[in-house]
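Visitor: If you scroll down you'll find the structure; I have some questions about it.
The values are calculated or read from the model by the stated rules, or taken from the named source; none is laboratory data. Note that this is a predicted model, so its numbers are computed, not measured. Because the Cβ atoms are built from the backbone with ideal geometry, glycine has one as well, and the counts that use them run over all protein chains shown.
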Amino acid sequence: MRPAMPSVLSFNDASNMALPLGHFRGAVLLINFWATWCVPCVKEMTYIDRLQGDLKGQPLVVLAVSEDRGGISVAKAFLERQKLTFLRAFADPGGAAAQTLQVDGIPTSFIVDKKGRLVQRVEGPYEWDDAPIVTRFRALLAEAP
């Protein structure tokens, strides 16, 4: 059985509005904690962008959660400079979500199913557009909410 993600989690969107995890219920989530100064994180963003592009039109939400001290504006500017087409920036003010999820280093990612349950935790960089992981996301997307 998959454990439920903590309901207290929230992430700030590009307009700096706090969105609770429940806002995304019914979608498969990839929650990725990263920062612009983290070299492995920066490399991983391209893979995550491709994954989201490959699954465009599906109920997949990628929360690219910046841990930069400069907040959401730093993350948005970075994604624009990198010309990442599909990713949207999110922020974790004060590192509250990272602390709740016991994120010790970045990048750290969480795959969450449509019911808000943790499927997998990935610590360190990952090639998110690799065929087996895309297949895994397709299977999660095919599950009933």
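Visitor: Scan segment 42-56 and tell me whether some residue there is part of a strand (DSSP E or B) and free of Cβ contacts under 8 Å to residues at least 40 places away in the same chain.
Guide: The answer is no, given that none of the residues of segment 42-56 is part of a strand (DSSP E or B) and free of Cβ contacts under 8 Å to residues at least 40 places away in the same chain.
Visitor: Tell me, which residue of segment 29-72 that is charged (D, E, K, R) and closer than 16 Å to residue 136 by Cβ is surrounded by the most Cβ atoms within 10 Å (Cβ to Cβ)? Explain how you work it out, then say what you get.
Guide: The first filter runs over segment 29-72 and keeps only residues charged (D, E, K, R), leaving 43-44, 49-50, 54, 56, 67-69.
Now narrow it down to the ones that are closer than 16 Å to residue 136 by Cβ: 50, 54.
Details: 50: 18, 54: 16.
Among those residues, the one meeting the criterion is 50.
Visitor: Which residues, counting only those in segment 20-41, are part of a helix (DSSP H, G or I) and free of Cβ contacts under 8 Å to residues at least 24 places away in the same chain? So that I can check it myself, show each step before the final result.
Guide: Going residue by residue through segment 20-41, those that are part of a helix (DSSP H, G or I) are 21-24, 39-41.
Within segment 20-41, 23, 39 qualify.
Visitor: Here is a further query. Tally time: how many residues in segment 73-112 are within 14 Å of residue 41 (Cβ to Cβ), surrounded by fewer than 19 Cβ atoms within 10 Å (Cβ to Cβ) and of a type outside the set (Gly, Ala, Ser)?
Guide: Adding up the residues that qualify gives 2.
Visitor: May I ask you to verify whether residue 21 is surrounded by 15 or more Cβ atoms within 10 Å (Cβ to Cβ), aliphatic (A, V, I, L, M) and either on the phi > 0 side of the Ramachandran plot or touching a Leu at 6+ places or on another chain (Cβ under 9 Å) (or both)? Spell out the reasoning first.
Guide: Working: surrounded by 15 or more Cβ atoms within 10 Å (Cβ to Cβ): yes; aliphatic (A, V, I, L, M): yes; either on the phi > 0 side of the Ramachandran plot or touching a Leu at 6+ places or on another chain (Cβ under 9 Å) (or both): yes.
It is true that residue 21 is surrounded by 15 or more Cβ atoms within 10 Å (Cβ to Cβ), aliphatic (A, V, I, L, M) and either on the phi > 0 side of the Ramachandran plot or touching a Leu at 6+ places or on another chain (Cβ under 9 Å) (or both).
Visitor: Next question, about the same structure. Examine segment 100-114 for a residue that is modelled with pLDDT of 95 or more, basic (Lys, Arg) and assigned to a loop (DSSP other than H, G, I, E, B), and state whether such a residue exists.
Guide: yes
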